[in-house]
1. Would you check which residues across segment 105-131 are surrounded by fewer than 20 Cβ atoms within 10 Å (Cβ to Cβ) and in contact with an Asp or Glu (Cβ under 7 Å, 6 or more places away or on another chain) and list them?
2. Mind telling me which of the residues Ile385, Ile377 ends up being β-branched (Val, Ile, Thr), within 16 Å of the ligand (Cβ to nearest atom), at pLDDT 90 or above and surrounded by 17 or more Cβ atoms within 10 Å (Cβ to Cβ)?
3. Just checking, does segment 366-385 include any residue being of a type in the set (Val, Ile, Thr), in a strand (DSSP E or B) and either closer than 26 Å to Leu211 by Cα or in contact (Cβ under 8 Å) with a residue 60 or more places away in the chain (or both)?
4. Considering only segment 126-220, give the helices (runs of 4 or more DSSP H) lying wholly within it that have at least 1 residues that are closer than 30 Å to Glu233 by Cα.
5. State all residues of segment 264-293 that are in contact (Cβ under 8 Å) with a residue 24 or more places away in the chain, hydrophobic (A, V, I, L, M, F, W, C) and more than 18 Å from Cys230 (Cβ to Cβ); if no residue qualifies, say none.
6. Got a sec? Which strands (runs of 3 or more DSSP E) wholly within segment 247-363 have at least 1 residues that are within 30 Å of Lys219 (Cβ to Cβ)?
7. Go through segment 6-27 and count every residue that is hydrophobic (A, V, I, L, M, F, W, C) and more than 20 Å from His127 (Cα to Cα).
8. Kindly indicate whether any position in segment 88-101 is modelled with pLDDT of 95 or more, over 23 Å from Asn371 (Cβ atoms) and either near the ligand (Cβ under 10 Å from one of its atoms) or among the aliphatic types (A, V, I, L, M) (or both).
Amino acid sequence: MNQVKVLIIGAGNRGQTYANYILRHHELAKVVGVAEPRQFHREKIVQSHNIPEQNIFDDWKEVVTRDKFADAVIIATQDNIHAEPAIAFAEKGYHILLEKPMATTEEECRLIIEAVERNKIYFSVCHVLRYTPFTQRLKAIIDSGTIGEIVNIQHLEPVGYWHQAHSFVRGNWRKEDESSFMLMTKSCHDLDWIRYIMVTHCRFVSSFGSLNHFRKEKKPTNASKRCLDCAAEPECPYSAKKVYLRFAEKNHKSWPVDILTSDTTVKGVTEALRTGPYGRCVYECDNDVVDNQVVIMQFEGNKTASFTMTGFNKMAFRKTIIFGTKGELYGDGKVIKHYDFLTEKTETIKVDITDNPLLAGHGGGDDGLMNNFLTAILKDDPNLILSDPQDTLDSYLMVFGAELSRRNKEVVDL
Ligand SMILES: NC(=O)c1ccc[n+]([C@@H]2O[C@H](COP(=O)([O-])OP(=O)(O)OC[C@H]3O[C@@H](n4cnc5c(N)ncnc54)[C@H](O)[C@@H]3O)[C@@H](O)[C@H]2O)c1
């Protein structure tokens, strides 16, 4: 095989990102088919990848009625449409790149892993953080033994105030019954990442969290239902006018404005704010997922970790401190600072994440993930996929356990 033949299942934001990667990397892969119900998004892939008529579908279900005609599928449908296609394509023998979260129930996650192992396919969930140059550099330092044995990890996910409002108050991940709980939709990346750095199994989890701010009772008395005609708007940091029109005014055409509308001009975005979900007052939405959550974890070997997710900050890279028996590491996605206990000196290491500005997505993680998945198939090298199926399941059990703990206010024994 000299090129992986790929089907895109779900050509929304993420499906297009992966398809665009393939456009730039024909030495690795070629998109040979697409399934997407929305015509505008489907056509984008059809045109840019020259997809033949017989390989264009409205629904992934139509694809599995055909004999296998590609090597791999990229499943980038919404969270609640992951399990069914993943199992169906695994049974057909396709290699699978599956968007996170793997699935939204523990049972579905287990069924996916069983199908993957039964059919012996390559399988990777898009935990892009594992694949960033930053993580790989950090991991190399840890693996070299420089900081000794890891005893504790502190990890912060600063979602960002307007990103919280965009995705988790007004947007696709605002309601648990339409997608999943916040720790799953956003922070499954982080628990997976902590698990990757720790290497050992997590034994106990405990969690607290709530929807603190984006509630009707926090609405200013003079606020309206929509930001375009709101008297409180000038004082509101979550104003949809502020969040979106500044992008449109700069002629920015991609995320987040392309989520609102395919017409990303000021006129198009203004119209979307007037009529669509993203123009709603953040205190008048039908959101129910938390806006702050903490998780504490006990790993095998008496190692501990704590994780904080909050929507009340400047949108930034995650920040982590790793405490080892011989030294300490601080990282913020771009810079690593290593303090050594013997020398009492701090070394600062800058990580180059800008080799290709187009690939800035997730600090280079989108690029790394795609490269490793496609190369694993081409070279038949499973080691390039940085999480085997059981490891992946393990991370999800941590997420389900932590959420159970938050709800029941108890420590969960994994
Ligand atoms: N890895 C990451 O860091 C990351 C980042 C953002 C989102 N995500 C995840 O990626 C997934 C997709 O998110 P998105 O923002 O691209 O969403 P999106 O809504 O833009 O895209 C999903 C697409 O699936 C299509 N679809 C719906 N039903 C379908 C069907 N039956 N067959 C084929 N296609 C169908 C929709 O029309 C839509 O275009 C989600 O699960 C999300 O949580 C991952």
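1. Result: Asn119, single match.
2. Numbers: Ile377 fails: within 16 Å of the ligand (Cβ to nearest atom).
Being β-branched (Val, Ile, Thr), within 16 Å of the ligand (Cβ to nearest atom), at pLDDT 90 or above and surrounded by 17 or more Cβ atoms within 10 Å (Cβ to Cβ) holds for just one of Ile385, Ile377, which is Ile385.
3. Quick first cut of segment 366-385, residues of a type in the set (Val, Ile, Thr) only: 375, 377, 385.
Keeping just the survivors that are in a strand (DSSP E or B) gives none.
No, every residue in segment 366-385 fails to be of a type in the set (Val, Ile, Thr), in a strand (DSSP E or B) and either closer than 26 Å to Leu211 by Cα or in contact (Cβ under 8 Å) with a residue 60 or more places away in the chain (or both).
4. Fully inside segment 126-220 and qualifying: 161-165, 182-185.
5. Val289, Val290
6. On the way: elements: 292-299, 303-310, 319-324, 327-331, 335-340, 345-350.
Qualifying strands (runs of 3 or more DSSP E): 292-299, 303-310.
7. Number satisfying all stated conditions: 1.
8. Yes, that holds for at least one residue.
The values are calculated or read from the model by the stated rules, or taken from the named source; none is laboratory data. Not measured: the values here are computed from a predicted model. Positions of Cβ are generated from backbone atoms using ideal geometry, with glycine treated the same way; all protein chains shown enter the neighbour counts.
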